[in-house]
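**Student:** Can you read through this structure? Questions will come right after.
The values are calculated or read from the model by the stated rules, or taken from the named source; none is laboratory data. Quick caveat: nothing in here was measured; it's all calculated off a predicted structure. All Cβ positions, glycine included, derive from the backbone under ideal geometry; neighbour counts span all protein chains shown. Heavy atoms of the whole protein, side chains included, go into the accessibility calculation; ligands, DNA and RNA do not. Shrake-Rupley method; radii C 1.70, N 1.55, O 1.52, S 1.80 Å.
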Amino acid sequence: TRGEIQWLPASTWREEARRTFFVMGACFALALLAALYALMRAWKVRLAAYAVYSLAITSICLAGILITGWGSTQYWPGLIPWRGGLASAAACISSGLVLLLARRAFALELSAPRWSVALLWVGAGCALAGMAGSLLSVQFSQTLSHFAALTAAIMGMASIGLAWRTGNPVAIWLLAGFTPILIAVVVTTLGIAGVWPFSPWMLLAMPLGSV
């Protein structure tokens with residue numbers, strides 16, 4: 001319950017930490033393999049949507065690794081002091097790439113040109129804001145990333161709905177892939193923001209959502 005601390009035996013804690021580390025690593029690896037496959041498809045068929053998808057998945061994985069701190073002591077200890085700012089920047093960039101992906105995947109520049117322009121400007125703005133926010137305070141960059149994630153969620157779902165209404169068959173598949181990521185982002189964001197009591201299981205939300 002809230003307000004109580006439960007101490008675990010050292011052996012139990014090590015076993016749970018090892019299991020969590022493995023599950024998170026496997027999830028991130030699978031997602032990055034999907035990003036690599038999409039990049040290869042983009043090169044083969046010369047389709048920009050695959051390239052944007054690859055960038056979006058890579059950025060989401062990077063944000064998840066930074067937010068959860070996966071492998072920080074083993075693989076990137078030198079970046080730990082800047083982890084908060086980098087995680088917020090990656091979250092903003094991921095939000096922007098999701099909107100750019102929706103624009104490309106649904107060809108909204110043809111079916112809904114005004115909405116397509118809005119996705120382009122907001123998506124690019126989220127990415128640029130993430131890079132600029134990483135130079136400011138961690139608290140400000142985290143607030144910025146929360147706003148970017150919320151904006152991407154609303155505009156992303158609206159884009160899927162718009163594509164579905166215009167008879168785009170890709171919409172249902174992107175909805176199936178977007179929903180787990182959206183749930184993971186909401187759970188992680190609310191936990192970090194303190195709206196929900198943070199629990200260790202929340203660390204698995206981003207890796208599982210990425211898969």
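**Student:** Taking only pairs six or more apart or across chains, which ones have beta-carbon atoms under 7 Å, a first residue in the range 55-66 that is open to solvent by 10 Å² or more (accessible area, probe 1.4 Å), and a second residue that is of a type in the set (Phe, Trp, Tyr)?
**Tutor:** Correct list of pairs: Ile65/Phe28.
**Student:** Can you tell me how many residues within the range 157-171 are under 18 Å from Gly96 (Cα atoms) and polar (S, T, N, Q)?
**Tutor:** Of the residues in the range 157-171, 1 are under 18 Å from Gly96 (Cα atoms) and polar (S, T, N, Q).
**Student:** Further question: Tell me which of these Leu120 doesn't satisfy, since it passes every other one: (1) farther than 18 Å from Val52 by Cβ; (2) open to solvent by 50 Å² or more (accessible area, probe 1.4 Å).
**Tutor:** (1)
**Student:** Tell me the residue from Leu47, Leu101 that is in contact with a helix residue (DSSP H, G or I) (Cβ under 6 Å, 6 or more places away or on another chain) and within 21 Å of Ile172 (Cα to Cα), please.
**Tutor:** Leu101
**Student:** Given the conditions (1) open to solvent by less than 50 Å² (accessible area, probe 1.4 Å); (2) at pLDDT below 85, and given that Ala42 satisfies all but one, which numbered condition is not satisfied?
**Tutor:** For Ala42, the failing item is (2).
**Student:** Out of the residues in the range 78-117 that are open to solvent by 10 Å² or more (accessible area, probe 1.4 Å) and part of a loop (DSSP other than H, G, I, E, B), state the one that is modelled with the highest pLDDT.
**Tutor:** Once the filter is applied, the top-ranked residue is Ala112.
**Student:** Being assigned to a helix (DSSP H, G or I), modelled with pLDDT under 80 and not β-branched (Val, Ile, Thr) is the filter here; which residues of the range 125-178 pass it?
**Tutor:** Gly133, Ala171, Trp173, Leu174, Leu175, Ala176, Gly177, Phe178
**Student:** To continue, here is another question. Looking at the range 60-77 only, could you name the residues that are part of a helix (DSSP H, G or I) and of a type outside the set (Ser, Thr, Tyr)?
**Tutor:** Matches in the range 60-77: Ile60, Cys61, Leu62, Ala63, Gly64, Ile65, Leu66, Ile67, Gln74, Pro77.
**Student:** Something else: Pairs, please: C-beta under 6 Å, at least 6 apart or cross-chain, first residue farther than 15 Å from Ala163 by Cα and in the range 115-128, second open to solvent by less than 40 Å² (accessible area, probe 1.4 Å) and among the aliphatic types (A, V, I, L, M)?
**Tutor:** Val122/Leu99; Gly123/Leu99; Cys126/Ala148
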